[in-house]
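> Once you've had a glance at the structure underneath, I'll fire off some questions.
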Amino acid sequence: MIKAVKGFRDILPQEMPLWRKVEEEARRLFEAFGYSELRIPVLEKTELFKRSLGDTSDIVEKEMYTFRDKGGESVTMRPEATASMARAYLEHALYHSDPVGKYFFFGPMFRHERPQAGRLRQFHQLNVEAFGYVSPSLDTEVISLLDTLYERLGIRHLTTLEINSLGCRECRPRFRESLVEFLERVKDLLCPDCQRRRERNPLRVLDCKEESCQEVLRDAPHISRHLCQDCRQYQKETLAYLDALGVEYLTNPRLVRGLDYYTRTVFELTTTHLGAQNAVAAGGRYDDLLKQIGDKDIPGVGFAVGVERTVLLLEKKGDWTRGTPFHCYLALLGEEAIKEGFKLALALRKKGVRLEMNHQPKSLKAQLRRADKIKAPLAIILGEDELARGTLIVRNMKEGSQEERPLGDLEGLARYIKKEVEF
Ligand code: HAM
């Protein structure tokens with residue numbers, strides 16, 4: 001038996017209703033907020049991620065699926081979508097047609113992490129990115145979109161929205177310097193991972209989950225004290241807009257994010273309901289990213305929702321519906337009825353009736369047992385006798401009542417089914 005690759009999982013039909021719920025709610029809301037769909041490829045040049053996510057980020061250092069293709073080029077299966085969406089935006093000069101570009105994308109991402117509950121090597125994200133201008137009200141709109149999505153899914157109360165500002169190219173270096181000084185003083189107390197991070201990417205130390213490190217970091221300098229006047233004002237206005245909208249959040253001065261491209265606003269939607277995996281969605285502003293990729297000074301802000309984790313939260317809430325329901329089952333008896341039945345099935349399916357039909361020579365009793373099994377509320381019975389009379393029988397499976405109807409009246413039949421099963 002050949003099994004799936006570790007960390008790559010199948011999404012089974014019984015799981016799909018919750019996936020569909022997340023995707024359909026997201027699509028509806030993203031479009032309501034003015035985002036258009038943009039689809040990006042799975043493979044990108046490795047250089048794209050190295051340049052944008054940062055050489056010392058965990059993703060670039062150890063998690064990318066990178067290989068040489070047959071032409072010898074180093075390519076990477078996208079570990080996230082922001083860099084690719086920015087690349088697509090620049091490559092097709094979408095900024096020419098409209099200075100503000102708002103795009104969304106759903107799809108799988110690939111990171112070679114240690115798999116566990118809620119952490120996979122192929123996982124799915126819903127991404128939104130708004131390119132084009134710097135404005136606290138745009139950041140607020142993006143954050144409120146995330147807030148609304150979880151509210152609509154009925155799981156916002158299981159999450160906390162954490163916000164921070166990481167400053168800009170002016171003030172962040174000053175903060176970094178003071179953090180490096182602090183870490184130098186406490187270096188012997190840090191975990192081995194942080195010892196390494198201290199030199200390569202000191203901001204990431206703040207994000208360490210080790211309790212011993214958290215204890216030491218209690219006295220670490222806060223970025224909020226190092227923000228320049230503009231960044232301070234920007235954060236103040238963003239929070240004021242969020243307050244005005246009634247979006248609940250917590251400011252967390254320790255929130256740093258694992259990717260290097262962020263400037264100013266960063267946020268995470270966290271939960272305590274999924275064990276070690278506490279972030280269900282995350283994002284922020286990245287005003288220098290497009291310059292690094294394509295030398296265009298275009299700012300951006302966005303977020304990504306982790307679909308697996310969101311579905312796990314919906315399951316926790318007990319939100320579990322069964323698979324696509326059938327509207328009716330078509331029971332056919334005899335060669336001629338099967339031929340005629342096929343045409344009927346196709347015509348009804350074209351009208352949106354969810355219909356299952358019999359494909360094996362079985363007795364009427366066996367066919368009705370199958371209709372029961374798939375929980376079809378109606379069964380249509382067509383045998384030689386009905387065919388000879390130019391009729392068919394519609395059976396209400398719950399009540400056991402039957403009605404004979406003309407075979408030729410397709411419109412009437414479709415209307416009748418829709419009325420009976422209310423779809
Ligand atoms: P990220 O924090 O790396 O951000 O990922 C966003 C979300 O994807 C996480 O909060 C989590 O729910 C989900 N996720 C990440 N890794 C895994 C995994 N191995 N298994 C399951 N779920 C996972 C980004 O990717 C940024 N591009 C977000 C962004 C968009 N920033 C601005 N625009």
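> Which FRET efficiency value, to the nearest 0.05, is calculated for residue 373 and residue 418 with the Förster distance at 22 angstrom and r the Cβ-Cβ distance?
On the way: r = 23 Å, r/R0 = 1.05.
Efficiency computed from Cβ-Cβ geometry: 0.45.
> Tell me the angle of helix 172-186 to the major Cα principal axis of the chain, expressed in degrees between 0 and 90 and rounded to the nearest ten.
Result, in degrees: 80.
> While we're here: Have a look at 240, 282, 26 and tell me which one the Gaussian network model of the chain (Cα, springs below 10 Å) gives the largest fluctuation.
Evaluated over the chain, the most mobile residue of the options is 240.
> Does segment 87-157 come out rounded, prolate or oblate, given a ≥ b ≥ c as the square roots of the eigenvalues of its C-alpha gyration tensor, rounded meaning a/c under 1.5 and, failing that, prolate meaning a/b above b/c? Intermediate values should be presented prior to the final figure.
Details: a/c = 2.91, a/b = 1.33, b/c = 2.18.
Taking the square roots of the gyration eigenvalues as a ≥ b ≥ c, segment 87-157 is oblate.
> Could you give the nm distance between label points at residue 228 and residue 24, where each point is 7 Å from its Cα heading toward the beta carbon?
Once both label points are built, they end up 4.8 nm from each other.
> DSSP loop trypsin sites (Lys or Arg not before Pro) in segment 70-143 with at most 14 other Cβ atoms within 10 Å of their Cβ, which ones?
Values: sites: 70, 87, 102, 111, 119, 121; in loops: 70, 111, 121.
Loop-located and lightly packed - 70.
> Holding the Cα-Cα limit at 24 Å, pick out from 350/398; 62/317; 351/419 the pairs that are longer than that.
On the way: 350/398 26 Å; 62/317 34 Å; 351/419 14 Å.
Exceeds cut-off: 350/398; 62/317.
> I've got another one for you. For the chain, what is the convex hull volume of its Cα atoms per residue in Å³?
Details: hull volume 86.2 nm³, N = 423.
Normalising the Cα hull of the chain by residue number yields 204 Å³.
> Among rounded, prolate and oblate, which fits segment 1-78 when a ≥ b ≥ c are the square roots of the eigenvalues of its C-alpha gyration tensor, a/c under 1.5 means rounded, and a/b larger than b/c means prolate?
On the way: a/c = 2.32, a/b = 1.35, b/c = 1.71.
Oblate is the answer for segment 1-78, as a/c is 1.5 or above yet b/c matches or exceeds a/b.
> Can you classify segment 351-423 as rounded, prolate or oblate using the Cα gyration tensor, where a ≥ b ≥ c are the square roots of its eigenvalues, rounded means a/c under 1.5, and otherwise it's prolate if a/b beats b/c and oblate if not?
Values: a/c = 1.58, a/b = 1.06, b/c = 1.49.
Verdict is oblate for segment 351-423.
> Taking 60 Å as R0, compute the FRET efficiency from the Cβ-Cβ separation of residue 356 and residue 114 and round it to 0.05.
Given R0 = 60 Å and the Cβ-Cβ separation, E is 0.90.
> Assuming 0.36 nm per residue, please report the length gained on full extension of the stretch residue 39 to residue 8 beyond their Cα-Cα distance. Present the calculation step by step, with values, prior to reporting the outcome.
Details: separation 31, 0.36 × 31 = 11.16 nm, distance 2.14 nm.
Full-extension gain reported as 9.0 nm.
> Report the percentage of all Cα-Cα pairs in segment 44-125 whose separation exceeds 21 Å, rounded to a whole percent.
Numbers: 1232 of 3321 pairs.
The answer is 37 percent, as a whole percent.
> To continue, here is another question. What is the distance in Å between the Cα centres of segment 156-220 and segment 244-308?
Cα centres, segment 156-220 to segment 244-308: 16 Å.
> Of 331, 120, 153, which is farthest along the charge dipole of the chain in the positive direction, counting Lys and Arg as +1 and Asp and Glu as -1 at C-beta?
331
> Can you tell me the length gained on complete extension of the stretch residue 15 to residue 1, counting 0.36 nm per residue apart and subtracting the Cα distance?
Values: separation 14, 0.36 × 14 = 5.04 nm, distance 2.34 nm.
2.7 nm is the gain from fully extending residue 15 to residue 1.
> A further question on this structure: Angle between the Cα long axis of helix 229-245 and the longest principal axis of the chain, 0 to 90 degrees, nearest 10?
30
> Taking the Cα centroid of segment 365-420 and of segment 86-136, what is the distance between the two, rounded to the nearest whole Å?
Segment 365-420 and segment 86-136 have Cα centres spaced 48 Å from each other.
> Can you give me the relative contact order of the chain as a percent, contacts being Cα pairs under 8 Å and 6 or more apart? Walk me through the numbers on the way to the answer.
Values: 701 pairs, mean separation 67.8, N = 423.
That works out to 16 percent.
> Defining a contact as two alpha carbons under 8 Å apart and six or more residues distant in sequence, what relative contact order in percent does segment 1-79 show? Could the numbers behind the result be given before it?
Values: 43 pairs, mean separation 18.7, N = 79.
Relative CO of segment 1-79 lands at 24 percent.
> Something else now. Hey, got a sec? Which trypsin sites (Lys or Arg not before Pro) in segment 326-410 land in a DSSP loop and have at most 10 other Cβ atoms within 10 Å? Don't jump to the answer; show the numbers that get you there.
Working: sites: 339, 343, 349, 350, 351, 354, 362, 365, 369, 370, 373, 375, 389, 395, 398; in loops: 351, 354, 362, 375, 398.
Loop-located and lightly packed - 398.
> Could you compute the FRET efficiency for residue 55 and residue 186, with r as their C-beta to C-beta distance and R0 at 30 Å, rounded to 0.05?
On the way: r = 25 Å, r/R0 = 0.84.
Efficiency computed from Cβ-Cβ geometry: 0.75.
> If you don't mind, there's one more thing I want to ask. Can you tell me the length gained on complete extension of the stretch residue 398 to residue 292, counting 0.36 nm per residue apart and subtracting the Cα distance?
Working: separation 106, 0.36 × 106 = 38.16 nm, distance 6.42 nm.
Roughly 31.7 nm would be gained on extension.
> Taking the Cα atoms only, what angle lies between the long axis of helix 82-91 and the longest principal axis of the chain, rounded to 10 degrees?
On a 0 to 90 degree scale, this one is about 90.
> Let me ask something else. How large is the helix-only mean residue ellipticity at 222 nm for the chain, computed as the sum of -39500 (n - 2.57) over DSSP H runs with n ≥ 4, divided by its residue count, in deg cm²/dmol to the nearest 500? Present the calculation step by step, with values, prior to reporting the outcome.
On the way: 14 runs with 161 residues, N = 423.
Counting only the DSSP helices, I get -11500 deg cm²/dmol.
Values quoted throughout were computed directly from the atomic coordinates according to the rules given, and no laboratory measurement underlies them. This one's a predicted model, so the numbers in the text were calculated from it and none came from an experiment. As a convention, Cβ positions derive from the backbone with ideal geometry for all residues, glycine included, and neighbour counts pool all protein chains shown.
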